Amino acid sequence: MQKRMVVAVKDCPARLVPAGTKIIIPKDTFVTITQALGGNYTVAVNGNMARVDGTDAAALGLKEEKLEFEQPTSDEIIEEQVWQALKSIYDPEIPVNLVDLGLIYSVDIDQQNKSIQISMTLTAPACGMGPVLVSDIKYRVSKVPNVAQVDVELIFEPPWTRDMMSDEAKLETGMFF
């Protein structure tokens with residue numbers, strides 16, 4: 001994708017890269033889209049890099065990504081919907097979702113408290129995008145029906161290896177050998 005400039009058509013939520021700090025890009029602000037992967041956008045705004053979730057893309061005049069879930073028949077959190085949300089999150093540098101990359105180690109659902117605890121890793125411990133990915137996970141998984149709280153723990157044991165990737169991810173990245 002070539003860089004292109006757009007103007008925010010309304011206030012747009014975003015997260016600073018790499019810290020993951022929430023910001024609002026005000027309406028009528030010029031932003032430069034530097035990357036579009038997995039439905040998310042990395043933008044340059046006022047001298048900073050920020051990440052705009054695809055579900056908020058309409059605020060930049062772009063096609064909004066729909067993250068839709070079937071409404072449950074009870075007040076329970078449906079685990080498959082949590083995994084659906086996780087599969088909608090892509091690594092910012094590799095066009096593969098976090099689940100197929102093998103970065104999600106566990107998902108624990110506490111139905112009583114309506115909370116989810118996710119353990120994940122990064123492709124490298126020094127990856128500067130960790131806070132942004134954690135923020136992406138919290139943002140997307142919180143859209144699952146009946147979820148009140150999402151906690152994400154970054155762990156590095158066991159260390160990530162390409163063997164943790166799905167076969168599809170290995171093919172997509174050329175690591176199938």
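The values are calculated or read from the model by the stated rules, or taken from the named source; none is laboratory data. Model, not experiment: these values are computed from the prediction. All Cβ positions, even for glycine, are placed from backbone atoms using ideal geometry, and neighbour counts span all protein chains on display. Surface accessibility is based on the protein's heavy atoms, side chains included, excluding ligands, DNA and RNA. Shrake-Rupley method; radii C 1.70, N 1.55, O 1.52, S 1.80 Å.
Scan around Asn40 for amide H atoms under 5 Å from its own, H built in the peptide plane at 1.01 Å from N, and keep only partners 5 or more places away or cross-chain.
For Asn40, whose amide H was placed from the backbone, the distant partners under 5 Å are Gly54.
Before anything else, pin down the relative contact order of the range 1-65: Cα pairs under 8 Å, at least 6 apart, normalised by residue count, whole percent.
Dividing the mean separation by the residue count of the range 1-65 yields 34 percent.
Ignoring ligands, DNA and RNA, please state the percent of accessible area on the range 91-141 from carbon and sulfur, probe 1.4 Å.
Details: 920 of 1820 Å².
Taking all protein chains in place, the range 91-141 shows 50 percent carbon and sulfur surface.
Relative contact order for the range 60-107: what is it in percent, counting Cα pairs under 8 Å that are at least 6 residues apart? Write out the running numbers ahead of the final one.
On the way: 20 pairs, mean separation 10.0, N = 48.
So the answer I get is 21 percent.
Return the single residue from Gly128, Gly54, Gly102 with maximal mean-square fluctuation; model: Gaussian network over the chain, springs between Cα atoms under 10 Å.
Gly128
Can you tell me the relative contact order of the chain? Whole percent, Cα pairs under 8 Å, sequence separation 6 or more. Mind showing how you got there, number by number?
Values: 334 pairs, mean separation 33.2, N = 177.
Relative contact order here is 19 percent.
Read through the labelled values [x] 1.05; [y] 1.29; [z] 0.98 and report the label of the one computed as Cα Rg over 2.2 N^0.38 Å from the structure.
[x]
When DSSP assigns beta bridges and you keep just the ones with both residues in the range 54-177, what percent turn out antiparallel, to the nearest 5? The partial results should precede the final answer.
Numbers: 7 of 13 bridges.
Approximately 55 percent, going by the DSSP bridge assignments.
Can you pick out the pairs among Lys3/Lys143; Lys27/Lys63; Lys3/Lys87; Lys27/Lys87; Lys138/Lys170 whose Cα atoms lie more than 24 Å from each other? Mind dumping the intermediate values first?
Values: Lys3/Lys143 29 Å; Lys27/Lys63 17 Å; Lys3/Lys87 26 Å; Lys27/Lys87 30 Å; Lys138/Lys170 26 Å.
Among Lys3/Lys143; Lys27/Lys63; Lys3/Lys87; Lys27/Lys87; Lys138/Lys170, the Cα-Cα distance tops 24 Å for Lys3/Lys143; Lys3/Lys87; Lys27/Lys87; Lys138/Lys170.
As a test question: what accessible area, to the nearest 10 Å², does Ser74 have when a 1.4 Å probe is rolled over all protein chains in place?
Ignoring ligands and nucleic acids, Ser74 comes out at about 60 Å².
Where only protein heavy atoms count, and the probe is 1.4 Å, what is the accessible area per residue for the chain in Å²?
On the way: 9240 Å² over 177 residues.
Each residue of the chain exposes 52 Å² on average to a 1.4 Å probe.
With a 1.4 Å probe and all protein chains kept in place, how much accessible area does Thr73 have, in Å² rounded to the nearest 10?
Accessible area, nearest 10 Å²: 150 Å².
Return the whole-Å distance between the Cα centroid of the range 129-177 and the Cα centroid of the range 69-91.
For the range 129-177 versus the range 69-91, the Cα centre distance is 15 Å.
Contour minus end-to-end for Gln111 and Lys87, with contour as 0.36 nm per residue of separation and end-to-end as the Cα-Cα distance?
On the way: separation 24, 0.36 × 24 = 8.64 nm, distance 2.13 nm.
Once the chain is fully extended between Gln111 and Lys87, it gains 6.5 nm.
Quick one: net charge of Thr173's neighbours, Cβ under 12 Å, K/R +1, D/E -1?
Once positives and negatives cancel, what remains is -4.
With runs of 4+ DSSP H residues as the only contributors, calculate the mean residue ellipticity of the chain at 222 nm using -39,500 (n - 2.57) per run, divided by the residue total and rounded to the nearest 500. Spell out each step's value before the answer.
Details: 4 runs with 32 residues, N = 177.
Value at 222 nm, helices only: -5000 deg cm²/dmol.
Can you pull out the chymotrypsin sites (Phe, Trp or Tyr not before Pro) in the range 62-101 that DSSP calls coil and that have at most 16 other Cβ atoms within 10 Å?
Numbers: sites: Phe69, Trp83, Tyr90; in loops: Phe69.
In loop regions of the range 62-101 (DSSP not H, G, I, E or B), the sparsely surrounded chymotrypsin sites (Phe, Trp or Tyr not before Pro) are Phe69.
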